[in-house]
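Attaching a single structure in structure tokens format; questions to follow.
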Amino acid sequence: MSSNVRHHIVIGSGVAGNQAAETLRERDPDSRITMITISRLPFFNRYDLPRVFRGERDWRRFIIYPADYYRRNRIALRRATRVVGVDSTAQTLTLEHKETIHFDSLLVASGAGAYLPEDMSEFRPLLHGFGAFRDAIEVADALPKKGHAILLGGDTIGLDLARTLLDTGHRVTLVAGPYTFWPHEVTPEERPKYVAALQKMGIVVVEAQERGGIAGVEKGAKGLAARRITFGNGSDLSGDVVMPFFGVAPSLDFMLGSGVDIERGLLVSPNLRTTNENIYAAGDVCQIWTDSEHRYCFYHGWKNVRAMGELAARNITGANEPWVPPQDETLRLSKDGKIQSPFWEYQ
Amino acid sequence: MSTDIQIAIVGSAGDGTIAAGDILRRAMAEMGYRVISFDLYPAEIRGFGKCIARLRVTDEQAYSLKPRSDVLVSLDDSHAIPHVSEAREWGAVIYESGSVTPLAEGAHISAHIDPGQIPYHVPIRELSEKSTGSARSRNIVVLGYIAGLFRLSIDGFLRALNSKFKGKADIAQKNEAALRAGYEEGARWFRLDDIDFGPPPAKGAGATVEMISGNAAVVRGALDAGIDNFFGYPITPATSIMERLASEMPKRGTRLVQTEDEIAAISATVGAGFAGARTATATSGPGLALMSEMLGLGIIAEVPCVVFVSQRGGPSTGLPTKTEQSDLNIAVYGGHGDAPRIVIAPTNVEGCYRCAGKAFEMAEAYQTPVILLLDLYLSNRYETVPFPAKPPFEADMNSYADTRGGNAAGFKRYALTADNVSPRTVPGQKGGMHIATGLEHNELGRPNDQPDNHAAMSRKRHEKLQLALKHPDFTHTKRFGDEGKVEVGVIAWGSTFGEALEAMILARAEGIRCAAMKVVMIAPFPTEAVAAFMADCGDVLIPEVNYQGQFAGILQAHIPRPVTRLARVPCEPMEVGDILAEIRRLAGRTTEQQAA
Ligand SMILES: Cc1cc2nc3c(=O)[nH]c(=O)nc-3n(C[C@H](O)[C@H](O)[C@H](O)COP(=O)(O)OP(=O)(O)OC[C@H]3O[C@@H](n4cnc5c(N)ncnc54)[C@H](O)[C@@H]3O)c2cc1C
């Protein structure tokens, strides 16, 4: 490109991507900003999705910025568009429909998708996801009044949903395992008190391990609930929907072969730069070098992710500031015995 | 209206854009919806140029297309990209998700979709190839997708498809496979737009609703009025009138002759009219210019005949495939001498039917050539039209002289009567005299150049036409919108009235007191009705698709009052948005006020 105007590309229109675009526009008013996302919807907070069960089904009520925000801020929002490759040397990226775009700076904020353990993947068609608006509507449609939802794994996203489902008169059974409370690390000693807190909330907790692990998920027989889970010990469990909550895995297929370093996530220095000087990353997709831990760490949750988006944009536009790891990310119990996660503090 | 959805399909010639639009409108009409549609396509051959099929689907008949579409389909991004902004906020943009070749930045339509529009990226080519073995049915895949996405009955589409490809079983079969593939894909998608097709209107008793083009409606009107003869010479955009009549008239034992040129066509038409037949010709501006001398004969000899004129861009060969309303002056004034004639201009397809039939009645009742003025936009656009069970036309409106036992030599073919219409005879009528002369004549029809006679005959020929303003069951003008005093009144004629009406409706929705009047009869001019309307209007706006403001000129010759002319030659129909902007300006509304 012969133009002198810098072209910032942000991959992802989640919390990190949108915060980054906002900061980029503030700090580099004359630049071109392009935000690319697979999503067809403009940006909405995914932690708002449980509202669907309270009867809010119009996606327009979920979006954070009106369409005009993007027009006013001259952020070219390319939705329904998948990046399939990045060439860090040529400073280009390729879209699924074979369009090539040049960038001066690239911020990868492609987040993470729900993780499904290998041994569960064959049951995927029978499981209900919860990452997108459509998923939420489909679950809401599949779950009758007072219906029974079975949550597998039980990460904090799932537990947050469980709170709403109970509130809206549904039954919730949690098939607990090593991912329960993810991304919080809960020691074996502490675990019983948190499980008890879940039970106090009204969740029926079934320890998968005690039943020989999950053996299968199948359709319920005629006249019975829509889904049936069988366990290794021969016992079973029936519900209207079965939803996996096993944490998340970074979305970075398109970065393979790009020339930047990857471990599980995109590896970035404390100033959120990848191993290429023009490529930064922020949000669920990246692992940040953390001196105190002597390793690359993930920092999940919307507050962290938003802060990363802002920091990356600042550093792209001339600053050189380091990521400051959050102080306290632990799970807590309130005085009246309720589970408290810093990830749920968004109201 | 509970259903009001406009779909625009944009592609390149050869993509099947126009065919897709045709099947879509047939399917919608088949389901019972009301449709108005107009296609734009280049004059070039297959493989070049932009094609756009636009249709508006409603539950009450609409008069024009909307300024913005609810759904925009791209069959060719290079042509569709300049039109993306046509899709409204929260409207759908449906496009090919893949690409066969590498693309430069911005060459894919997804780069141009506004944050307020909803993208639907569909593997159109892949679905076509999988279902039919080739990419040629992409247009049909898209139709299936629309049907599936908006939960429309696939049966209506299948029937439309089969009628389109009647007798071509192989093509019909492949297209059915493509349609079903697209339908399944569409039904799978999660809808994010707010486009809702309400139920189609219930079928009314008595009338049958058919989807038909303006020219086809003219033909239907002519046939229902009992046309006996047609003489014509082909010219765009009037040709299809002759083509359709050519296939219909022989079945009814009536005659159509393609003459060697327009002069022969009008000569034969006037001759057949003189002989007592219901007769017509059809042409466009250049042909009307050639016909003007013989029209003069029809006027002075007081011969009933009908001339269908569909206007296109001019002068001369001009812009044969573009619409324009610039033949109004030649229609009203064209010719030598004081040559008054009746000129009527329908404003929609239903009007084409009614006016065509009424033109024959008027020609007979007032013994004069009648020009029915259309334009390419009206000739080629499709609308659903309710046709009455019985044609609403009189079979014969001649006032024949009773010549039984009379003295032929003393028969006054051009008798000066109270209403200025002289009872006529037709050749072969006993006791009648059959004179048709281009010379000025007296009541007996004999040449006469005396000043008193010329004045009396000129007055007769002019005055008798005033009767047409009271022609039974004919609406020469009609007011719409606010009653009483209004800030702005829009007066429009011909095809542009639809856009004027739409703009008026939008202006009222913005709180502007506004009304619109359509003027169907342009000669004789309905001065009284138009003046009464203008008396109610703070400002008068006259939109028309010609450079001079020809209608405004005619109006001001009858009603000397300032008007605002919105006279444009965009080579396309007038845009509703342009008329609306002018209404706002005249009403003194700023952009901020109307946004508020
Ligand atoms: C249902 C749900 C509930 C949650 N609840 C909470 C909560 O209560 N509290 C909390 O703190 N956190 C919560 N989270 C987690 C939090 O939302 C995430 O940490 C945060 O969304 C991550 O933001 P991000 O910007 O990194 O990525 P994301 O929000 O995941 O966004 C990633 C973006 O990248 C795009 N993308 C991915 N791959 C590509 C590609 N190849 N090409 C183009 N675009 C691509 C996606 O379309 C998307 O726009 C929840 C998450 C989910 C799914």
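Using every alpha carbon pair in the range B:477-595, what percent of pairs falls into each 10 Å bin from 0 up to the bin containing the largest distance?
Final binned percentages: 15, 51, 30, 4, 0.
Would you mind telling me which residue in A:I229, A:I316, A:I150 has the biggest mean-square fluctuation in a Gaussian network model of chain A, where springs connect alpha carbons within a distance under 10 angstrom?
A:I229
Can you report the principal axis dimensions of the range B:212-387 using only the alpha carbons, biggest first, rounded to whole angstrom?
Answer, in whole Å and largest first: 39, 38, 28 Å.
In addition: To the nearest Å, what is the center-to-center distance of the range B:270-321 and the range A:22-59, using C-alpha atoms only?
A separation of 63 Å, based on Cα centres.
Next up: Can you give me the convex hull volume of the Cα atoms of the range B:399-457, divided per residue and expressed in Å³?
So the per-residue hull volume is 80 Å³.
Would you mind working out the magnitude of the charge dipole of the protein assembly as shown relative to its Cα centre, with +1 at each Lys and Arg C-beta and -1 at each Asp and Glu C-beta, to the nearest 20 Debye?
1800
How big is D, in µm² s⁻¹, for the range A:114-248 by Stokes-Einstein at 37 °C and 0.692 mPa s if Rh is the Kirkwood radius over C-alpha pairs?
D = 220 µm²/s.
Related question: If each of B:H454 and A:L224 carries a label point 7 Å out from its Cα toward its Cβ, how far apart are those two points in nm?
Output for this residue pair reads 10.7 nm.
With unit charges on the beta carbons (Lys and Arg positive, Asp and Glu negative) and the dipole taken about the Cα centre of the range B:212-387, which residue among B:G337, B:A301, B:Y353 sits farthest to the positive side?
Going by the Cα projections, it comes out as B:Y353.
Then there's this: Give me Rg over Rh for chain A, both radii from the alpha carbons and Rh done the Kirkwood way, two decimal places.
We get a ratio of 0.99 for chain A.
For the range B:25-141, report the convex hull volume of the alpha-carbon atoms normalised per residue, in Å³, without decimals.
131
Which trypsin sites (Lys or Arg not before Pro) from the range A:136-231 combine a DSSP loop assignment with at most 12 other Cβ atoms within 10 Å?
Passing both the DSSP loop test and the Cβ count: A:K145, A:K146, A:K222.
To the nearest 0.05, what FRET efficiency results for B:S316 and A:L126 with a Förster distance of 56 Å applied to their C-beta separation?
0.20
Okay, moving on. Which longest run of chain B has no exposed loop site in it, a site being GluC sites (Glu not before Pro) in a DSSP loop with at most 14 other beta carbons within 10 Å, and the site itself not part of the run?
B:261-482
Another question, then. How large are Rg and Dmax for the protein assembly as shown when calculated on the C-alpha trace, in angstrom?
When restricted to the Cα atoms of the protein assembly as shown, Rg and Dmax are 36.5, 129 Å.
Please find the FRET efficiency linking A:D328 to A:H294, where r is the Cβ-Cβ separation and R0 is fixed at 25 Å, and quote it to the nearest 0.05.
Working from the Cβ atoms, E equals 0.80.
In square nanometres and to one decimal, what's the mean projected area of the convex hull around the Cα atoms of chain B?
In nm², the orientation-averaged hull projection of chain B is 29.2.
Quick check: the distance between the Cα centres of the range A:61-109 and the range A:299-347, to the nearest angstrom?
After rounding, the separation between the Cα centres reads 25 Å.
With charges only on Cβ, +1 for K and R and -1 for D and E, what is the dipole size of chain B about its Cα centre, in debye, rounded to 20?
1180
Here are some pairs, B:K50/B:K174; B:K166/B:K390; B:K358/B:K464; B:K50/B:K164; A:K193/A:K338; B:K164/B:K203; which of them have Cα atoms lying more than 19 Å apart in this structure?
B:K50/B:K174; B:K166/B:K390; B:K50/B:K164; B:K164/B:K203
Placing unit charges on C-beta atoms (Lys and Arg positive, Asp and Glu negative, everything else neutral), compute the dipole magnitude of the range B:477-595 about its Cα centre in debye, rounded to 20.
That gives the range B:477-595 a dipole magnitude of about 240 debye.
If you don't mind, there's one more thing I want to ask. Separation of the range B:31-102 and the range A:177-251 by C-alpha centroid, Å?
First find each Cα centre; the distance between them is then 50 Å.
Then there's this: Given the options A:R27, A:R61, A:R264, state which has the largest fluctuation in a GNM of chain A using a 10 Å cut-off (strictly under) for Cα springs.
Among A:R27, A:R61, A:R264, the largest GNM mean-square fluctuation belongs to A:R61.
Computed from the coordinates by the stated procedures, all read-outs in this text should not be read as laboratory data. All figures in this text were calculated on a predicted structure; none of them were measured in a lab. With ideal geometry, Cβ positions are generated from the backbone for all residues, glycine too; neighbour counts draw on all protein chains shown.
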